[in-house]
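Have a look at the structure below before the remarks.
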Amino acid sequence: MGNIWFIGRRELASLFNSAIAWFAIVVFLFMVGALFFWTGEFFEVGQNTMRGFFDQATLLFIFLLPAISMRLVSEEKRTGSLELLITMPLRDVEVMLGKLLGAFLFLVITLLLTAAYPITLSMLGRLDMGPVIGGYVGLLLMGLSFLSVGLMASTWTKNQIVAFILTLLICGFFYFIDAMAGAFWESAQDTVAHLSFRAHFENISRGVLDTRDIIFYLSVTTLAVTIGTFSLESRRWT
Amino acid sequence: MSAATVEAAGVTESPADKAMIEVRDLRKFYGSFEALKGISFRVGRGEIVGFLGPNGAGKTTTMKILTGYISATSGWFGVAGFDGFDNSLDVRRNIGYLPENAPLYPDMGIIEYLNFVCQIRRIPVGKRKARIDAMVETVGLTSMIKKNIGELSKGYRQRVGLAQALIHEPPVLILDEPTSGLDPNQIVEIRKLIKDLGKEHTIILSTHNLPEVQMTCSRMIIISNGTKVADGTADAIQAQHADTQSLLITARVSEEARAAMSDTITSIPSVLSAELLQRDGERVQFRVSGSGGDELAEAVYSTAKEHSWSLIELRRDVMDLEKIFHKLTQY
């Protein structure tokens with residue numbers, strides 16, 4: 001456990017040293033705020049709810065989280081520092097989980113910076129905290145699975161941009177998969193919804209913490225980290 | 001290095017006092033390309049072994065296998081008494097590794113980075129500062145201490161690389177081209193550092209610089225095309241690969257004797273050829289090739305005495321290590 005924490009902390013520090021991470025935070029905070037109040041129809045709905053915020057945030061995640069995860073392994077592959085890290089007395093899976101932890105802590109910090117919204121809203125009037133807590137839990141879970149997919153993709157290439165695009169495609173595909181399926185074959189939508197990042201988020205953000213939704217995100221995370229670890233280990237045999 | 005600090009750094013001493021590094025018939029395929037074709041060697045405690053070979057000979061591949069970065073296709077190796085395949089983590093705990101080009105994290109500060117290595121290497125919190133200070137002192141980084149690794153020149157980055165390899169006081173050090181890309185002054189300093197380290201650590205270093213091996217290593221292993229072609233001290237390899245004995249004789253000889261000198265030397269039974277190298281007034285130098293070991297020198301000496309040449313120098317002309325290297329590694 002110690003090793004994962006040490007790697008995670010180093011990774012977090014390294015993220016805060018990189019321009020792209022700051023850029024992602026600024027874009028996220030700006031966009032989510034702007035979209036929430038302007039296009040989220042907050043003032044028109046006449047309800048004290050953060051619904052609009054969470055919807056915008058998940059969409060932004062598809063673009064911004066791949067930018068955080070893209071460098072995790074691919075950058076170290078490019079510079080060669082991966083060799084030095086891996087020849088320390090560490091298991092490959094510890095390296096992977098440590099890197100995921102670093103990126104996840106970054107996400108937690110970013111979301112903490114949005115705490116101004118629920119605080120302000122609760123001062124405006126009665127804010128139903130169920131959906132707010134659900135929404136944040138959902139964002140953390142969805143973010144965790146996006147970052148895991150990104151981590152996996154970054155073990156496949158030395159090129160950050162390739163890792164970014166692959167992550168964007170995979171996450172985007174599974175975000176919209178039920179909507180896409182529904183467009184072609186309406187009755188398929190509910191079945192395919194089990195695979196959709198968005199459908200599971202909708203359940204949670206209503207304030208209903210169903211184990212099936214939590215298990216979905218954790219399964220995606222486990223699967224992506226496992227594939228990523230195999231991919232990292234494959235250097236030994238090729 | 002005392003035994004107490006070794007334990008404190010989480011480094012386990014080998015159960016038996018065997019060879020610190022033992023490699024048996026190691027093979028490595030990259031796809032269908034056979035990079036290592038069955039390499040075996042042993043490195044004893046306290047040895048500094050130079051790994052020599054042309055580019056692509058298999059030096060780096062061997063080092064990557066020893067440090068657990070890649071796996072061998074077949075064969076066996078052990079480090080500090082631990083099995084390289086079954087106890088990879090223990091092997092890595094006992095090794096300090098400096099990969100080629102010292103790939104470090106450019107965005108980290110020197111101290112910040114060394115502290116991270118201390119964490120991973122399980123050096124107790126209370127001892128970290130002392131270890132880091134000692135390393136900074138040893139490798140000569142004191143004046144750079146405030147800088148980020150990315151701001152350092154190649155030579156200083158290499159020193160940070162050495163510091164991270166040494167910080168847990170590993171019994172075995174593996175250094176891949178520790179002096180490549182350094183300026184001559186830095187090379188001298190790093191070589192001196194390696195020699196000093198050799199007193200306490202078992203070291204393997206790779207290089208394609210021959211003088212470096214002669215200066216810093218107690219033994220050399222020459223690898224070519226995935227195979228070990230020579231293993232021993234520089235002297236032993238030279239002796240082994242010199243086909244014929246060669247002597248250099250310098251003497252002061254009068255004008256009239258000089259004309260016959262070449263023929264006189266050639267007429268010694270064990271001499272195969274004599275070659276005039278220099279003539280400077282009365283002073284002449286010949287290279288004499290022949291067989292018979294010490295007798296050759298004795299025969300040449302008695303001939304010189306017999307003909308009253310004033311002998312200035314008579315010495316064995318060893319085959320140039322560079323020539324041997326070239327002969328062994330061309331394919």
Where residue A:102 falls short, out of the listed (1) more than 18 Å from residue A:8 (Cα to Cα); (2) modelled with pLDDT of 95 or more: (1)
Residue in segment B:277-325 that is farthest from residue B:208 (Cα to Cα), counting only those that are touching a helix residue (DSSP H, G or I) at 6+ places or on another chain (Cβ under 9 Å) and among the β-branched types (Val, Ile, Thr): B:303
Residues that are charged (D, E, K, R) and under 11 Å from residue B:168 (Cα atoms), drawn from segment B:108-131: B:121, B:122, B:127, B:128, B:131
Residue within segment B:125-136 that is facing chain A (nearest Cβ under 10 Å) and within 20 Å of residue B:203 (Cβ to Cβ) present: no
First in segment B:44-71 and in the same structural domain as residue B:22 (by TED's automatic domain parsing), second anywhere and among the polar types (S, T, N, Q) and part of a loop (DSSP other than H, G, I, E, B), Cβ under 6 Å, 6 or more apart: B:47/B:218; B:48/B:218; B:67/A:87; B:68/A:87; B:69/A:87
Filtered residues of segment A:176-233 (kept if in contact with a helix residue (DSSP H, G or I) (Cβ under 7 Å, 6 or more places away or on another chain), of a type in the set (Ser, Thr, Tyr), closer than 27 Å to residue A:49 by Cβ and part of a helix (DSSP H, G or I)): A:205, A:217
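Within segment B:94-122, can you find the residues that are of a type in the set (S, T, N, Q) and within 8 Å of chain A (Cβ to nearest Cβ)? Show your work before the answer.
Quick first cut of segment B:94-122, residues of a type in the set (S, T, N, Q) only: B:94, B:101, B:115, B:119.
Within segment B:94-122, B:101, B:119 meet the criteria.
Inspect segment A:114-121 for any residue being within 29 Å of residue B:123 (Cβ to Cβ) and touching a residue at least 60 places away in the same chain (Cβ under 8 Å) and give the result as yes or no.
Keep residues of segment A:114-121 that are within 29 Å of residue B:123 (Cβ to Cβ), which gives none.
No: segment A:114-121 contains no residue that is within 29 Å of residue B:123 (Cβ to Cβ) and touching a residue at least 60 places away in the same chain (Cβ under 8 Å).
In this structure, is residue B:146 in a helix (DSSP H, G or I) and either closer than 24 Å to residue B:57 by Cα or not acidic (Asp, Glu) (or both)? Please lay out each step first, then the result.
Details: in a helix (DSSP H, G or I): no; either closer than 24 Å to residue B:57 by Cα or not acidic (Asp, Glu) (or both): yes.
No.
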Members of segment A:118-148 that are farther than 29 Å from residue A:225 by Cα and surrounded by fewer than 17 Cβ atoms within 10 Å (Cβ to Cβ): A:119, A:120, A:122, A:123, A:124, A:125, A:126, A:128, A:129, A:130
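Check A:13, A:19 and return the single one that is at pLDDT 85 or above, within 14 Å of chain B (Cβ to nearest Cβ) and surrounded by fewer than 15 Cβ atoms within 10 Å (Cβ to Cβ). Outline the logic, then answer.
Working: A:13 fails: surrounded by fewer than 15 Cβ atoms within 10 Å (Cβ to Cβ).
Criteria check complete, one pass: A:19.
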Looking only at segment B:166-200, and only at residues there that are assigned to a loop (DSSP other than H, G, I, E, B) and among the β-branched types (Val, Ile, Thr), the one that is modelled with the highest pLDDT: B:167
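Residues checked against (1) surrounded by fewer than 16 Cβ atoms within 10 Å (Cβ to Cβ); (2) away from every other protein chain (no Cβ under 14 Å); (3) touching a strand residue (DSSP E or B) at 6+ places or on another chain (Cβ under 8 Å):
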position	(1), (2), (3)
A:23	yes, yes, no
A:28	no, yes, no
A:36	no, yes, no
A:50	no, yes, no
A:54	no, yes, no
A:57	no, yes, no
A:69	no, yes, no
A:82	no, no, no
A:85	no, no, no
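The values are calculated or read from the model by the stated rules, or taken from the named source; none is laboratory data. The model shown is predicted, which means the values in this text are computed figures rather than measured ones. Positions of Cβ are generated from backbone atoms using ideal geometry, with glycine treated the same way; all protein chains shown enter the neighbour counts.
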